[in-house]
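Here the structure is laid out as structure tokens; the discussion comes afterwards.
The values are calculated or read from the model by the stated rules, or taken from the named source; none is laboratory data. Note that this is a predicted model, so its numbers are computed, not measured. Using ideal geometry, Cβ is built from the backbone for each residue, glycine included, and neighbour counts are taken over all protein chains shown. The area values use the complete protein model at the heavy-atom level, side chains included, leaving out ligands, DNA and RNA. Shrake-Rupley method; radii C 1.70, N 1.55, O 1.52, S 1.80 Å.
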There are 2 protein chains.
Amino acid sequence: MPNIIPRIAVDAMGGDYGLTVIVPAAVNCAKKGLPITLVGDEYMIRSELEKLDTGSCAIDIVHASQVVTMEDKPADAMRKKKDSSIQVACRLVKEGHADGIVSAGNSGATVACGMFTIGRIKGVLRPGMAGILPTEKNPMVLLDVGANVDCKPEHLFQFGLMADVLARDVLGYKSPRIGLLTIGEEEGKGNTLVKTTYAMLKNSSLNFVGNIEGRDIFTGDVDIAVCDGFVGNVALKLSEGLAKSLGNLLKGELKRDIVSKLGAMLAMKAFKRFGRLVDKSEYGGAPVLGLNGIVLVCHGKADTLAVERAIEMAARFVKNDAVAHLKEGLAAHSEIIDRKI
Amino acid sequence: MPNIIPRIAVDAMGGDYGLTVIVPAAVNCAKKGLPITLVGDEYMIRSELEKLDTGSCAIDIVHASQVVTMEDKPADAMRKKKDSSIQVACRLVKEGHADGIVSAGNSGATVACGMFTIGRIKGVLRPGMAGILPTEKNPMVLLDVGANVDCKPEHLFQFGLMADVLARDVLGYKSPRIGLLTIGEEEGKGNTLVKTTYAMLKNSSLNFVGNIEGRDIFTGDVDIAVCDGFVGNVALKLSEGLAKSLGNLLKGELKRDIVSKLGAMLAMKAFKRFGRLVDKSEYGGAPVLGLNGIVLVCHGKADTLAVERAIEMAARFVKNDAVAHLKEGLAAHSEIIDRKI
């Protein structure tokens, strides 16, 4: 697989802003030399493409007659919408016509289609969804952020293995530092789930740095935080919400007196730089790890830049042969997984 | 119990800054008319008191010959340090010489002493520790924030009951809105634990507003978020860490060019107001709920203001007869708790 140019199938119909955001993102990537297959209503895609300067870039279109809405339940999306853009895109990967998919649509349905249409890598117990978060230093990986709400230690251990490959192949880290998210730094702190996972991570060849707490996520002192999907999803959404609320409170105070208002205007450049630092579109997608191909789920409110970055991330994942590395990691640690030690 | 003036026992030996922070806080409260019993090394307390203008305020001293360190395990603190300031303070409550205790010492040991020396209210399955967090509007209660890491639905339901009393009696809310912290707003979203808890809360007379997500905590649209102590502790520490990291990043950017630096200086007043809004010393303590008396745990790094606020909170808890209200709430919902419906 290495040395080929990856082809990414992009769900043109997903996301709150639909084709007006997705199609330009696909075009921008194609212009940089990434072959793209846009999947969705062919007429609508063509109308959108006509508005843009596509030049001679490599964009295919594959028609899909149905659309999964945000309200569709994953099981219904699977059974009743077999010709949806998400399902068709997954089939392209399954049949070897594409190497990965990016969708800003219904994330539950996308994960389900990925699992059942593309399929899991042999040995993967539960695919996990990774969040890539900005920190005071470099971005870090939080896994799982919502695909698995009731987990066993072997699931958490595999999340660590898979996040390690993501951090190496996509973020370019040499020896990612893995922390186990719990409620006390010493070994033995946490709930039953975490205590068994600790032993498994400690016995592995991963660069396990021990327990970490909620306060350690954003310092940049670990590259990976492992947790179950319930904790990870609460953590991810709480971070988004808190950053927004702090921003609102600060804005309110800056507007309250005229001198502060003037100060804020002068400092606008700094606020903008700060905004870019914590902008989630930098890593616009949450990769689903453990499948026979990469599936990248974008936020429903993703903008063109976020989708573009997600497509590039998917391509990097394929180019650096992450699926093969996942298989190697699983094989190397099969004894730990089987015996939970 | 109402209409009496509550006497609070204050652990003089706890906290990273020890007596230099705790004793002035106690004196400030005593000057406002709250009777205080300082518990700890009598000689050290007297030396500290001599430095302050205590006037004619009502401060007792009860000597305790031992100190629980931050490294002591809760079980060891209970068994081997029977004359520690924490244990002695708890005995004062048990024997009716005080109505509540405030400690900035080892929180695990304080909770354990509270449970075994003061004892649980009959019917309380697991005492819970509450975090009181600032939001865009009014402060909210997060429960549990770390006392119970492996929970059952009936525990979470009781956390809701107890947080309701705290929000009424201490924060003064008329009909606190209770949300269940999970990973999707619709009923049925979440893990096994949360799904059963949902039904119990829905069938109660509490003002249950349904599921909430991590992003809803800081908007101020709910007054209480119920969760297990693992999730709550991660959420609490993550919030602290993220606020600090965002502050560091913003400060870095504001210093990077001279115009922004000038702007930041002009806006200093707004930054200070913002700092006070999100200052955790406003509610300096985490109340442990479900005991036959109030136990308030302060952050080890609490300053004098934070300890002072914690003492006032403990007094408000007693004055408004929260223990009796907890008993009433438990009795009114005993069928739901017994039958888990």
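Check the stretch B:191-203 and report whether any residue there is more than 14 Å from every other protein chain (Cβ to nearest Cβ) and within 24 Å of A:LEU242 (Cα to Cα). Outline the logic, then answer.
Just the residues of the stretch B:191-203 that are more than 14 Å from every other protein chain (Cβ to nearest Cβ), to begin with: B:199-203.
From what is left, the residues that are within 24 Å of A:LEU242 (Cα to Cα) are none.
For the stretch B:191-203, residues more than 14 Å from every other protein chain (Cβ to nearest Cβ) and within 24 Å of A:LEU242 (Cα to Cα): absent.
So which residues in the stretch A:260-297 are of a type in the set (Phe, Trp, Tyr) and more than 7 Å from every other protein chain (Cβ to nearest Cβ), if there are any at all? Let's see the steps before the verdict.
Initially, the stretch A:260-297 is screened for residues of a type in the set (Phe, Trp, Tyr), giving A:271, A:274, A:283.
Listed by number, the residues that qualify are A:PHE271, A:TYR283.
Give the residues of the stretch B:204-228 that are of a type in the set (Gly, Ala, Ser) and more than 14 Å from every other protein chain (Cβ to nearest Cβ), sorted by residue number.
Residues of the stretch B:204-228 that are of a type in the set (Gly, Ala, Ser), as a first pass: B:204-205, B:210, B:214, B:220, B:225.
Scanning the stretch B:204-228 gives B:SER204, B:SER205, B:GLY210.
Open to solvent by 50 Å² or more (accessible area, probe 1.4 Å), within 27 Å of A:ARG339 (Cα to Cα) and either at pLDDT 95 or above or within 18 Å of the chain's Cα centre (by Cα) (or both): does that describe A:ASN292?
Details: open to solvent by 50 Å² or more (accessible area, probe 1.4 Å): yes; within 27 Å of A:ARG339 (Cα to Cα): yes; either at pLDDT 95 or above or within 18 Å of the chain's Cα centre (by Cα) (or both): yes.
Yes.
Here's the yes/no breakdown for (1) without any contact (Cβ under 8 Å) to a residue 40 or more places away in the chain; (2) open to solvent by less than 40 Å² (accessible area, probe 1.4 Å):
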{"position": "B:GLU48", "(1), (2)": "yes, yes"}
{"position": "B:GLY55", "(1), (2)": "yes, no"}
{"position": "B:GLN66", "(1), (2)": "yes, no"}
{"position": "B:ASP76", "(1), (2)": "yes, no"}
{"position": "B:ILE86", "(1), (2)": "no, yes"}
{"position": "B:ARG91", "(1), (2)": "yes, no"}
{"position": "B:GLU95", "(1), (2)": "yes, no"}
{"position": "B:SER103", "(1), (2)": "no, yes"}
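Within the stretch B:97-139, track down each residue that is closer than 16 Å to B:PHE218 by Cβ and either basic (Lys, Arg) or at pLDDT 95 or above (or both). Don't jump to the end; show me each part of the working.
Of all residues in the stretch B:97-139, those closer than 16 Å to B:PHE218 by Cβ come to B:131-139.
Within the stretch B:97-139, B:LYS137 is the sole residue that qualifies.
When you scan the stretch A:251-269, how many residues do you find that are out of contact with any Ser or Thr (no Cβ under 9 Å at 6 or more places or on another chain) and either open to solvent by less than 30 Å² (accessible area, probe 1.4 Å) or of a type in the set (Asp, Glu) (or both)? Can you show your working first?
Of the residues in the stretch A:251-269, the ones out of contact with any Ser or Thr (no Cβ under 9 Å at 6 or more places or on another chain) are A:251-252, A:255-265.
Within this subset, residues satisfying the condition of being either open to solvent by less than 30 Å² (accessible area, probe 1.4 Å) or of a type in the set (Asp, Glu) (or both) are A:257, A:260, A:263-264.
Residues flagged as out of contact with any Ser or Thr (no Cβ under 9 Å at 6 or more places or on another chain) and either open to solvent by less than 30 Å² (accessible area, probe 1.4 Å) or of a type in the set (Asp, Glu) (or both) within the stretch A:251-269 amount to 4.
Being within 13 Å of chain A (Cβ to nearest Cβ) and outside any loop (DSSP other than H, G, I, E, B) is the filter; apply it to the stretch B:139-151 and report the residue that is nearest to B:GLY290 (Cα to Cα).
Among residues in the stretch B:139-151 that are within 13 Å of chain A (Cβ to nearest Cβ) and outside any loop (DSSP other than H, G, I, E, B), the one nearest to B:GLY290 (Cα to Cα) is B:LEU142.
If you go through the stretch A:251-299 one residue at a time, how many are without any contact (Cβ under 8 Å) to a residue 60 or more places away in the chain and of a type in the set (S, T, N, Q)?
Step one: of the stretch A:251-299, the residues without any contact (Cβ under 8 Å) to a residue 60 or more places away in the chain are A:251-276, A:281, A:284.
In the following step, the residues that additionally are of a type in the set (S, T, N, Q) were identified as A:260, A:281.
The total comes to 2.
Here are A:ALA302, A:ALA322, A:ALA286, A:ALA314: which of them is over 26 Å from A:GLU48 (Cα atoms) and open to solvent by less than 40 Å² (accessible area, probe 1.4 Å)? Don't jump to the end; show me each part of the working.
Working: A:ALA302 fails: over 26 Å from A:GLU48 (Cα atoms); A:ALA286 fails: over 26 Å from A:GLU48 (Cα atoms); A:ALA314 fails: over 26 Å from A:GLU48 (Cα atoms).
Of the residues listed, the single one that is over 26 Å from A:GLU48 (Cα atoms) and open to solvent by less than 40 Å² (accessible area, probe 1.4 Å) is A:ALA322.
Somewhere in the stretch B:80-95, is a residue within 30 Å of B:ALA243 (Cβ to Cβ) and more than 13 Å from the chain's Cα centre (by Cα)? Give the derivation first.
Keep residues of the stretch B:80-95 that are within 30 Å of B:ALA243 (Cβ to Cβ), which gives B:86.
Now drop any that are not more than 13 Å from the chain's Cα centre (by Cα), which leaves B:86.
Yes, some residue in the stretch B:80-95 is within 30 Å of B:ALA243 (Cβ to Cβ) and more than 13 Å from the chain's Cα centre (by Cα).
Checking the condition over 23 Å from A:GLU213 (Cβ atoms) and touching a Phe, Trp or Tyr at 6+ places or on another chain (Cβ under 6 Å), which residue from A:VAL124, A:VAL170 passes? Step through it out loud before you land on a result.
On the way: A:VAL124 fails: touching a Phe, Trp or Tyr at 6+ places or on another chain (Cβ under 6 Å).
Residue meeting the stated conditions: A:VAL170.
Please verify whether A:LEU330 is over 12 Å from the mean Cα position of the chain (by Cα), farther than 23 Å from A:LEU166 by Cα and surrounded by 15 or more Cβ atoms within 10 Å (Cβ to Cβ), treating the condition exactly as stated. Spell out the reasoning first.
Working: over 12 Å from the mean Cα position of the chain (by Cα): yes; farther than 23 Å from A:LEU166 by Cα: no; surrounded by 15 or more Cβ atoms within 10 Å (Cβ to Cβ): yes.
Spelling it out, it is not the case that A:LEU330 is over 12 Å from the mean Cα position of the chain (by Cα), farther than 23 Å from A:LEU166 by Cα and surrounded by 15 or more Cβ atoms within 10 Å (Cβ to Cβ).
Which of the residues that make up the stretch A:194-228 are surrounded by fewer than 22 Cβ atoms within 10 Å (Cβ to Cβ), of a type in the set (A, V, I, L, M) and within 17 Å of B:ALA235 (Cβ to Cβ)?
Selection gives nothing.
Quick one: count up the residues across the stretch B:229-250 that are in contact (Cβ under 8 Å) with a residue 12 or more places away in the chain and either facing chain A (nearest Cβ under 7 Å) or open to solvent by 20 Å² or more (accessible area, probe 1.4 Å) (or both).
Of the stretch B:229-250, the ones in contact (Cβ under 8 Å) with a residue 12 or more places away in the chain are B:229-233, B:235-236, B:239-240, B:243.
Filter once more, so that each one left must be either facing chain A (nearest Cβ under 7 Å) or open to solvent by 20 Å² or more (accessible area, probe 1.4 Å) (or both): B:230-231, B:233, B:235-236, B:239-240, B:243.
Result for the stretch B:229-250: 8.
Every residue, every condition in (1) touching a Leu at 6+ places or on another chain (Cβ under 8 Å); (2) of a type in the set (Gly, Ala, Ser); (3) open to solvent by 10 Å² or more (accessible area, probe 1.4 Å), yes or no:
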position: A:ALA9; (1), (2), (3): yes, yes, no
position: A:GLY14; (1), (2), (3): no, yes, no
position: A:VAL21; (1), (2), (3): no, no, yes
position: A:ALA26; (1), (2), (3): yes, yes, no
position: A:LYS32; (1), (2), (3): no, no, yes
position: A:PRO35; (1), (2), (3): no, no, yes
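Does the stretch B:152-188 hold any residues that are within 13 Å of another protein chain (Cβ to nearest Cβ) and of a type in the set (Ser, Thr, Tyr), and which are they?
B:THR182, the sole residue that qualifies.
Tell me yes or no: at least one residue of the stretch B:233-250 is in contact with a Cys (Cβ under 9 Å, 6 or more places away or on another chain) and closer than 19 Å to B:GLY146 by Cα. Explain how you work it out, then say what you get.
Step one: of the stretch B:233-250, the residues in contact with a Cys (Cβ under 9 Å, 6 or more places away or on another chain) are B:234-235.
If we keep only those that are closer than 19 Å to B:GLY146 by Cα as well, we get B:234-235.
Yes, some residue in the stretch B:233-250 is in contact with a Cys (Cβ under 9 Å, 6 or more places away or on another chain) and closer than 19 Å to B:GLY146 by Cα.
With the structure loaded, tell me whether A:LYS122 is part of a loop (DSSP other than H, G, I, E, B), over 22 Å from A:MET313 (Cβ atoms), basic (Lys, Arg) and in contact (Cβ under 8 Å) with a residue 40 or more places away in the chain or whether it fails that test.
So A:LYS122 passes the test.
For the stretch B:270-281, does any single residue satisfy the condition of being under 24 Å from A:PHE218 (Cβ atoms), β-branched (Val, Ile, Thr) and open to solvent by 10 Å² or more (accessible area, probe 1.4 Å)?
Checked the stretch B:270-281: at least one residue is under 24 Å from A:PHE218 (Cβ atoms), β-branched (Val, Ile, Thr) and open to solvent by 10 Å² or more (accessible area, probe 1.4 Å).
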